[in-house]
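For reference, the structure discussed in these notes is given below.
The values are calculated or read from the model by the stated rules, or taken from the named source; none is laboratory data. No experiment lies behind these values; they were computed from the predicted model shown. FYI the Cβ positions are ideal-geometry reconstructions off the backbone, even for glycines, and counts take in every protein chain you see. Calculation scope for accessible area: heavy atoms of the full protein, side chains included, ligands and nucleic acids excluded. Shrake-Rupley method; radii C 1.70, N 1.55, O 1.52, S 1.80 Å.
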Amino acid sequence: MADPENISLLPPISHNPDVLSCLANLSNDEVFTPPNVANAMLDMLPQELFKNPDMKFLDPVCKSGVFLREITKRLMKGLEKKIPDQQKRLDHILHNQVYGIAITELTSLLSRRTLYCAKYATSPYSISKFSNIDGNIRFKAIQHTFDKNGKCIFCGASQSQYERGEGLETHAYEFIHTDNPQEIFGNMKFDVIIGNPPYQLDTEGAGKQAKPIYQKFVNTAKKLMPQFLVMITPSRWFAGGMGLDNFRDEMLNDKHLKKIVDYSLSTLCFPGVDIAGGVNYFLWDRGYTSNICEYTFIDRDTATTSNRLLNEHDIFVRNNNSISIVNKVLKQNHISISSIMSSLGVFGLGTAERGIKIFEKNCLKLLSSAGYSYIKKAKVKSGINYVDKWKVIIGKATSAGAATADREGKRKVIATLDLLEPNAVCTFSYFIAGSFASKNEAKNCLTYISTKFVRFLLLQTLSSINITKERFQFVPIQDFSKPWTDAELYAKYNLTQDEIDFIESMIKPMDISLEVDNEAENA
């Protein structure tokens with residue numbers, strides 16, 4: 001197991017508030033980068049780059065202009081001996097070395113104000129004079145290109161939601177809305193591409209999950225083949241899902257990924273901004289071709305660093321201290337408990353389905369998020385083979401209390417775990433963890449899933465509030481003719497005392513005895 005160190009990878013924010021630090025405290029779907037985070041990302045690069053007057057830097061997703069400003073500050077210091085005159089040095093850097101593409105017209109003005117000290121590069125207040133108002137920070141208002149199904153061919157935006165009139169922001173980002181991004185700056189070759197891309201695109205319809213979009217910026221930047229690529233993104237891609245499976249596979253098998261710094265809590269990077277699953281920034285180095293990546297995981301005030309094989313498993317195990325436990329489990333002729341689990345919505349009953357309060361003939365018991373009621377058998381069109389069985393059910397959502405660590409750093413992980421008797425069904429809010437002819441086997445399965453051991457293994461695969469059977473891929477199936485305890489499981493998988501202590505430090509106890517007893521009484 002990696003030795004934890006109480007360290008911080010981010011430079012402290014000055015007591016004299018930087019206006020860009022203040023701006024980064026504002027919660028927004030398009031998260032602004034604090035200067036200390038931007039500098040931590042720049043620290044990943046070889047610092048010799050900032051002594052080379054020929055290096056070209058691009059931020060393709062300018063918001064506040066913080067990356068370009070901090071790059072310029074480093075170049076001003078690094079090129080001091082080669083270009084002694086301060087104004088000539090500044091002019092050379094701003095005209096020939098730093099470039100940006102703003103994501104909106106407003107952020108183009110803000111970025112120019114940050115870099116040039118004027119929102120227009122031709123302004124008399126600009127610290128370097130340009131012949132065009134953009135300088136090297138451009139913004140071009142473009143429209144989405146919709147296919148016959150009403151979806152943008154570049155980003156998947158809905159035509160009904162994003163086809164907007166003149167003067168309204170379309171969120172059609174130039175960098176990813178072209179087949180030839182290299183032509184944006186006239187086939188200019190960039191040595192470093194760095195930025196914080198927009199994370200998601202709202203999808204049409206109430207209650208629908210927003211669609212991730214950051215992976216498109218990463219992939220487009222790679223196509224330009226810079227020497228170095230540094231970006232900060234949500235960490236959900238480690239587990240895939242929501243259109244990220246291909247991106248996850250590509251990233252975990254990319255031999256150019258040299259370093260990753262991963263935060264379990266987004267608030268460690270972006271104060272006041274809660275991004276489920278945390279965030280990470282990475283260094284992609286075109287000249288680096290190894291299977292091993294220097295990976296740092298930061299959980300609260302503790303950081304561990306380990307040289308990792310990123311594609312060791314289908315889902316990347318983020319906590320360095322967890323990987324030895326996962327590997328021990330998988331080595332023992334592993335068959336996942338997911339093999340006996342159902343998919344979501346097994347009975348074809350939507351989340352909003354509600355039954356009647358009083359039992360009638362030909363009714364089944366119905367469990368929904370509103371509690372128990374009754375539903376006509378005829379409404380159940382699928383999952384018929386489960387109806388007459390004892391069923392262990394799990395709520396698909398972890399809920400904030402289950403997914404979030406308490407003050408001691410412990411998590412419940414599973415919010416809802418219950419037993420359904422024969423002739424009982426559930427809505428889309430739940431899935432079946434196992435079905436049995438015997439109530440005793442069902443209870444043994446339920447108590448097994450409630451162990452800290454199982455919930456710890458499940459936690460390694462979670463990157464959002466949703467649980468599916470695929471997230472149980474590290475959890476082994478057991479013989480449910482007998483009950484299981486954590487002590488027995490720790491011994492079966494040869495866990496060391498340090499590994500046991502680590503699990504115990506991460507997972508809260510889960511007392512389900514009262515729930516099971518009550519269910520048995522009502523059966």
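Within segment 362-387, residues that are under 17 Å from residue 417 (Cα atoms) reach partners that are charged (D, E, K, R) and part of a loop (DSSP other than H, G, I, E, B) with beta carbons closer than 7 Å, at six or more positions or on different chains, in the pairs 368/353; 368/354; 370/354. Selection of segment 369-393 for residues being within 22 Å of residue 472 (Cβ to Cβ) and open to solvent by 90 Å² or more (accessible area, probe 1.4 Å) yields only 385. Can you run down the residue pairs with Cβ atoms below 7 Å, 6 or more apart or on separate chains, where the first is in segment 192-203 and under 14 Å from residue 234 (Cβ atoms) and touching a residue at least 24 places away in the same chain (Cβ under 8 Å) and the partner is buried (at least 24 other Cβ atoms within 10 Å of the Cβ) and small (Gly, Ala, Ser)? Short answer, once both residue conditions are applied: 201/157.
Selection of segment 146-178 for residues being without any contact (Cβ under 8 Å) to a residue 24 or more places away in the chain and in contact with a helix residue (DSSP H, G or I) (Cβ under 6 Å, 6 or more places away or on another chain) yields 146, 150.
For residue 259, the criteria (1) more than 16 Å from residue 198 (Cβ to Cβ); (2) part of a loop (DSSP other than H, G, I, E, B) hold in every case but one, which is (2). For segment 388-415, a tally of residues being touching a residue at least 60 places away in the same chain (Cβ under 8 Å) and assigned to a strand (DSSP E or B) returns 4.
Have a look at 481, 435 and point out the one that is touching a residue at least 60 places away in the same chain (Cβ under 8 Å) and among the hydroxyl-bearing types (Ser, Thr, Tyr). Write out each step before concluding.
Values: 481 fails: touching a residue at least 60 places away in the same chain (Cβ under 8 Å).
Unique residue meeting the criteria: 435.
Within segment 282-308, the set of residues being open to solvent by 60 Å² or more (accessible area, probe 1.4 Å) and either within 24 Å of residue 194 (Cα to Cα) or touching an Asp or Glu at 6+ places or on another chain (Cβ under 7 Å) (or both) comprises 286, 287, 289, 291, 292, 294, 305, 307. Residues that are modelled with pLDDT under 90 and either of a type in the set (Lys, Arg) or outside any loop (DSSP other than H, G, I, E, B) (or both) within segment 146-158 comprise just one, 158. Regarding residue 266, is this residue open to solvent by less than 10 Å² (accessible area, probe 1.4 Å), farther than 21 Å from residue 294 by Cβ and of a type outside the set (A, V, I, L, M, F, W, C)? Judged against the criteria, residue 266 is a match. Only a single item in (1) of a type in the set (Asp, Glu); (2) open to solvent by 40 Å² or more (accessible area, probe 1.4 Å); (3) touching a strand residue (DSSP E or B) at 6+ places or on another chain (Cβ under 7 Å) is not met by residue 249, and it is number (3).
Of the helices (runs of 4 or more DSSP H) lying entirely inside segment 416-502, those carrying at least 3 residues that are crowded, with 23+ Cβ neighbours inside 10 Å are 439-449, 452-459.
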